[in-house]
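The values are calculated or read from the model by the stated rules, or taken from the named source; none is laboratory data. Being a predicted model, the structure only gives us computed values, none of them experimental. As a convention, Cβ positions derive from the backbone with ideal geometry for all residues, glycine included, and neighbour counts pool all protein chains shown. To get the accessible areas, we keep the full protein, side chains included, count just its heavy atoms, and leave off ligands, DNA and RNA. Shrake-Rupley method; radii C 1.70, N 1.55, O 1.52, S 1.80 Å.
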Amino acid sequence: MKPKQPKQPFRQVLDNNMFILKICFSASPLYILAFILDILRNQLLIFFEHTYGIGYVLESVEYGRPFQNVAVFIIALFILIGLGMIYGAFVNQLISLKALPKMKQKLKFMLYEKARKLDLECYDNPEYYNEFVLAVSEADKQVERLLEFLNKLFTGLTVFITTGTYFLIKDWFSVCFVAVSFLLSSLLMQVFNRLNYKIRLQKNPQERKRAYVNRVFYLNDYAKELRLNPDIPHKLLDKFKAANKKIYEIDRENAKRKFILSFLRDYVFNDFISDVLYIIYLVYKATVLSLISYSSVVILFNSFGRFKRSLRTITEIYPYASETSLYVDKIRSFLDYEPRIDSKKRLAVPGKPGIFKLDNIAFAYNEGAKSVINNINMTIKPYEKVALVGYNGAGKTTLIKLLMRLYDVKEGTISLNGVDIRDYDVAQYREHVGTVFQDYMLYAATVKENVLLDIGEAVPEEPVMEALEQSGFVQRLSELKYGLATPLTAEFEENGVNLSGGEAQKLAISRAFYKNSSLIILDEPSSALDPIAEYQLNQSMLEAAANKTVVFISHRLSTTRLADKIFMLEDGRIIESGSHEELLKLDGKYAGMWRVQAGQYIAEQHLE
Ligand code: ADP
């Protein structure tokens, strides 16, 4: 995608910068005020010391003022500067330490909250995902950029007003020199910032690739695979190298333009026009025309640099704010995203298990892509135990994602007790479904918190223990020194525990038991368990779920055998359905699969 530089109206730039300012101000109003006051204090003191102060001392020497007066002046100035420094340290070394993380946290929490509510399809769209990653990764920087913006704004204006007034009084024509370099630099800065933004956007996909490789090498999840498959690291390093090469090419492509722009701005427009031409002008005025004193030459030239810099700072304010605004735009459009999976009617979800009907449903992940669910009709009665079977890619996981409204069907309807599930309150609806995915995640939190999925909530231990018992985790729990309070993963806690695949799976399953849901969905709940554990789990699962409806996906047909009804899927369609016995009688694909698995099982038993 070729990044295009959007032209932003002034109002939008202002709005976006105000947006960040409001967030920062509401997080830490005192700091923002103290920060602005410190900038004003600093610049006023600099003016007082370098322009007024040096001018006073030089003129005292040139015109012979009493030494005593000069000495008192210098000491008073020195004390004032000291006091100012103490205030500056207080603001920048003390208040900022607390305020800065607080402001960043506020913005990050807003983003996290939104990320949590994003429709899953946002993750399937690489362009959207790219923008989302950019928004989150740039959030911290925008807080820093806002402070820099305030710094530029107040520094620029204070110096401009104080030094500008001084120039107008002393020698108004000097201002023309500054004005010329000001106009030219301001134009160039705009071009420069746009170029930087374009480069950043171009580099973004490559930087994501680098970040991915980085993650693979440090995350525990990949450690085993990396050791067992020596080719993967090489391939990843090649990817990293390729991304680096692309980044280098982008930088190289733009290096010449960047150099020319900065050379024009710094050397031609600033150094030559203001320094060389201006000093010639001042010396001419003092020596040939005798219109100004020698002290004035020194002070004017000395202040000229600062005046010039203040104008440069002023020229930077708007482009800087525009660049911030471009990023803030992304953050805001992310925050403004309204989840499509919502409900207009927000009907209350029935508390008891109800009847699910899937009427001719179809679904594709992307617009125009091939349907992965085709014309499925299915009825799931209350308290029924339903198994979905089929080879990889048949559409089983997609079907349960539709059932729990992580996606919405493209055609047809899914209803619960005759009401389209899209009419129920979506949060409440999902709350009534206890799901364990194949790719479930355990969190760096205690065992109890991992069951509750509500960190820090004060809940009695009893129901948690009950859920752990039903999933068969209690035995492992009794070996854990800190019981329910045992921290999981050794990433943050010294005494943190890493669970085996099967143990972790049992723990994840206990979440579904703990949740007071009327429908339990299990995506290959026993894939990491050994056959005995699987048998025990299935027994206890069915016992515990007697008063719930259960839909589960399993590859082990010994598990699906326990189901009241089995649906066999292929290419997103139901090709066979019925009880285990009925399907065996049918002697179709399910029966074929069963024979292969039963054969394996018997062979395994013979080997033992
Ligand atoms: P199963 O659970 O039976 O193995 P899935 O429901 O996971 O099958 O996948 C069905 C089809 O949908 C597969 O072709 C898979 O590649 C595709 N698919 C799954 N998830 C996504 C996704 N997030 N984006 C695009 N296609 C997907």
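A few points about this structure:
- Radius of gyration, Dmax [region 334-384; alpha carbons; angstrom]: 15.4, 41
- FRET efficiency for the SER262 to GLU144 pair, using the beta carbon distance and R₀ = 22 Å, is estimated at 0.45.
- Per residue accessible area of region 10-335, 1.4 Å probe, in Å²: 56
- Angle in degrees between helix 126-171 and the longest Cα principal axis of the chain, rounded to the nearest 10: 10
- Fully extending the segment from LYS589 to LEU14, taken as 0.36 nm per residue of separation minus the present Cα-Cα distance, adds 200.5 nm.
- Probe 1.4 Å - accessible area at ILE575, Å² to nearest ten: 70
- Accessible-area order (highest first, 1.4 angstrom probe) of the listed residues HIS50, HIS234: HIS234, HIS50
- Rg and Dmax of region 10-335, based on Cα coordinates, read 25.8, 86 Å.
- Scattering profile of region 337-441 at q = 0.19 Å⁻¹ [log10 I(q)/I(0), Debye over alpha-carbon scatterers]: -1.07
- Backbone geometry of region 311-322 corresponds, through the Karplus equation with coefficients 6.51, -1.76 and 1.60 at θ = phi - 60°, to 3J(HN,Hα) couplings of 5, 4, 4, 5, 5, 7, 4, 5, x, 5, 5, 5 Hz, x marking Gly and Pro.
- Helix 589-607 vs. the chain, principal-axis angle (Cα, 0 to 90°, nearest 10): 80
- Taken over region 1-134, the ratio of Cα radius of gyration to 2.2 N^0.38 Å equals 1.74.
- The heavy atoms of TYR281 offer some 40 square angstrom of accessible surface to a 1.4 angstrom probe.
- In region 370-412, the trypsin sites (Lys or Arg not before Pro) that fall in loop regions by DSSP, at most 11 other Cβ within 10 Å: LYS370
- For region 42-200, the normalised intensity computed at q = 0.21 Å⁻¹ comes to -1.33 (log10 of I(q)/I(0), Debye sum over alpha carbons, equal scatterers, no solvent).
- Computed from the C-beta positions of CYS176 and PHE48, the FRET efficiency with R₀ = 30 Å rounds to 0.70.
- Average accessible surface area per residue within region 377-443, 1.4 Å rolling probe, Å²: 41
- Only Cα sites of region 222-376 enter the Debye sum here, all with the same form factor; the resulting log10 I(q)/I(0) across q = 0.11, 0.18 1/Å is -0.91, -1.20, listed in q order.
- For the pair SER137 and GLU207, label points projected 7 Å from Cα toward Cβ lie 0.6 nm apart.
- Projected label points at HIS555 and ALA71, each 7 Å from Cα along the beta carbon direction, are separated by 9.2 nanometres.
- In region 400-516, the inverse of the mean reciprocal separation of distinct Cα atoms equals 15.7 Å; this is its Kirkwood hydrodynamic radius.
- Projected area averaged over orientations for region 450-514, convex hull of C-alpha atoms, nm²: 4.2
- HN-Hα J in Hz across region 246-256 - Karplus 6.51, -1.76, 1.60, θ = phi - 60°, x for Gly and Pro: 5, 5, 4, 4, 4, 5, 5, 4, 9, 4, 5
- Taking every DSSP bridge with both residues inside the chain, close to 50 percent are antiparallel.
- Using a probe radius of 1.4 angstrom, the carbon and sulfur fraction of the accessible surface of the chain is 59%.
- Subset of LYS352/LYS565; LYS203/LYS241; LYS481/LYS548; LYS108/LYS198; LYS22/LYS330; LYS239/LYS401 violating a 23 Å alpha-carbon distance limit: LYS481/LYS548; LYS108/LYS198; LYS239/LYS401
- Along each principal axis, taking the top coordinate minus the bottom one, the Cα set of the chain gives 116, 54, 51 Å in descending order.
- 15 Å cut-off, amide nitrogen to a point 7 angstrom out along ASP124 Cα→Cβ, residues in region 377-420: 393-412
- C-alpha long axis of helix 461-471 to longest principal axis of the chain, angle in °: 60
- The order of PHE73, PHE263, PHE10 by accessible area, most exposed first and with a 1.4 Å probe, is PHE10, PHE263, PHE73.
- Cross-link reach list, aspartates and glutamates versus LYS256, counting only Cα pairs under 19 Å and skipping chain neighbours closer than eight places: ASP266
- Paramagnetic label zone (point 7 Å from Cα along Cα-to-C-beta, GLU462; backbone N under 19 Å) in region 539-579: 544
- Largest to smallest accessible area among TYR337, TYR284 [probe 1.4 Å]: TYR284, TYR337
- Label zone of ASP425 (point 7 Å out along Cα→Cβ, amide N under 20 Å): in region 114-148 this covers 114, 116-119.
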